[in-house]
Amino acid sequence: MTKSYTIHTDINAVTEEQWQVLLQSPTASFFQTKQAYLFFKQIDVETFFFALERDEQIIAMISGIIQKEKGIKSAFTSRAIIYGGPVISLHANNDEVIEILELTISKLKKKAIYIETRNLNCYKRYNDLFKKAGFNLIPHLNFHVDCTDEQAMRKRMSSSKLRQVKKSLKEGAKIIEAESCDEIRAYYAILYELYTTKVKTPLPEQDFFMELWKNNTARFFLIKYKEEIIGGIVCPILEDRVIYEWFVCGKDGVYKNIYPSVLATWAAMQYAVNNAIERFDFMGAGKPNEAYGVREFKSKFGGDLVEHGRFLHVAQPVLYKAGKTAVKILKSI
């Protein structure tokens, strides 16, 4: 039987119009836009791209990056990350969805220990198709904040977080958008400290953030107090639909009555309201049955708790198991 579709592995084979039509799908995210793909390409991160075209329409698309540590560790840490999850048109049939998923595995299984989709939308209707293609659904939580009505958004927030926002502003903390490389460096220094002392997971290097800012790929809302940058948040945006919390940090507990991480989060929500962006996406709140202090923090901003999970395909089981053990050891140190 002749296949009625064509597979593309080069983004130049997809027109701007085709891309924009597909991004109307409910599974679209910023991380599956051409802008996101080109950003990763520009900073020399290894990328991949697969699109399925039928009747001159792109009906399914997967793009992502290969992440790995430098040097000898690269062979033991290589993983394929599909941020946001695949974009699937409502017109795609089951066979076509399975086809692009199986193609992704076949193309990446020798490059990555595992392939993971970090879903930011609901894929429930496709769960069985992912399973059939070789992916397992891993429970993972997130919070979505409705930003269509500021008054309603404030009412949903906890009174403690609203007070912290008001106190911070009253004490003289300011929300600004980054205007210089020095401000990006100051923000990164705080973020780096957070990741090395508490988060203990890999963090992109400073140049990654510098390019994000220079290319206007994401907005940087920074918290300034007495001429010092004391926190901030990095926010990519999907048109007028979603603003994302990608990286957030702050010198919390350093200054009396000033809560930079809270104020940074509020800055993104306020920007959404002022710019008719429908939703603020926290981009993750941990696994349901595991303690996760950050989830408690995020829960106070009035978002809806959702469980869109992550789809995982382990291509190299022995290395995957070794890597999981290593991560647990590093986080316990």
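The values are calculated or read from the model by the stated rules, or taken from the named source; none is laboratory data. What you see is a predicted model, and the numbers here were worked out from it, not measured in a lab. As a convention, Cβ positions derive from the backbone with ideal geometry for all residues, glycine included, and neighbour counts pool all protein chains shown. SASA here: full protein model, heavy atoms, side chains in, ligands and nucleic acids out. Shrake-Rupley method; radii C 1.70, N 1.55, O 1.52, S 1.80 Å.
Observations on the model:
- Residues in segment 246-271 that are closer than 20 Å to Phe31 by Cβ and open to solvent by 10 Å² or more (accessible area, probe 1.4 Å): Trp246, Phe247, Val248, Tyr271.
- Any chance Leu103 is of a type in the set (A, V, I, L, M, F, W, C), closer than 17 Å to Pro204 by Cβ and surrounded by fewer than 21 Cβ atoms within 10 Å (Cβ to Cβ): no
- Pairs where the first residue, in segment 71-93, is farther than 23 Å from Arg125 by Cβ and in a helix (DSSP H, G or I) and the second is at pLDDT below 95 and of a type in the set (Gly, Ala, Ser), C-beta under 7 Å, 6+ apart: Phe76/Ala322; Phe76/Gly323; Thr77/Gly323
- Looking across segment 196-239, the residues that are among the charged types (D, E, K, R) and over 23 Å from Lys298 (Cβ atoms) come down to Glu205, Asp207, Glu211, Lys214, Lys224, Lys226, Glu227, Glu228, Glu239.
- Going through (1) aliphatic (A, V, I, L, M); (2) at pLDDT 95 or above; (3) open to solvent by 60 Å² or more (accessible area, probe 1.4 Å) one by one, Ile72 falls short only on (2).
- Residues being at pLDDT 95 or above, assigned to a helix (DSSP H, G or I) and open to solvent by less than 70 Å² (accessible area, probe 1.4 Å) - total across segment 272-294: 2
- Any pair with Cβ under 8 angstrom, 6 or more apart, that starts in segment 130-141 at a residue that is in contact (Cβ under 8 Å) with a residue 40 or more places away in the chain and ends at one that is outside any strand (DSSP E or B) and among the hydroxyl-bearing types (Ser, Thr, Tyr): Phe130/Tyr123
- Residue check for Val165: open to solvent by less than 20 Å² (accessible area, probe 1.4 Å) and in a helix (DSSP H, G or I): yes
- Residue within segment 215-238 that is assigned to a helix (DSSP H, G or I), open to solvent by 50 Å² or more (accessible area, probe 1.4 Å) and basic (Lys, Arg) present: no
- Filter pass, Cys147 being closer than 30 Å to Lys298 by Cα and surrounded by fewer than 21 Cβ atoms within 10 Å (Cβ to Cβ): no
- Out of Val21, Val97, sole residue that is over 25 Å from Thr217 (Cα atoms) and in a helix (DSSP H, G or I): Val97
- Within segment 199-214, considering residues that are open to solvent by less than 40 Å² (accessible area, probe 1.4 Å) and of a type in the set (Phe, Trp, Tyr), the one nearest to Val254 (Cα to Cα): Phe209
- Filtering segment 300-309 to residues that are in a strand (DSSP E or B) and either among the small types (Gly, Ala, Ser) or open to solvent by 50 Å² or more (accessible area, probe 1.4 Å) (or both) leaves Asp304, Leu305.
- Residue match in segment 72-89 (condition: more than 30 Å from Lys324 (Cβ to Cβ) and not charged (D, E, K, R)): yes
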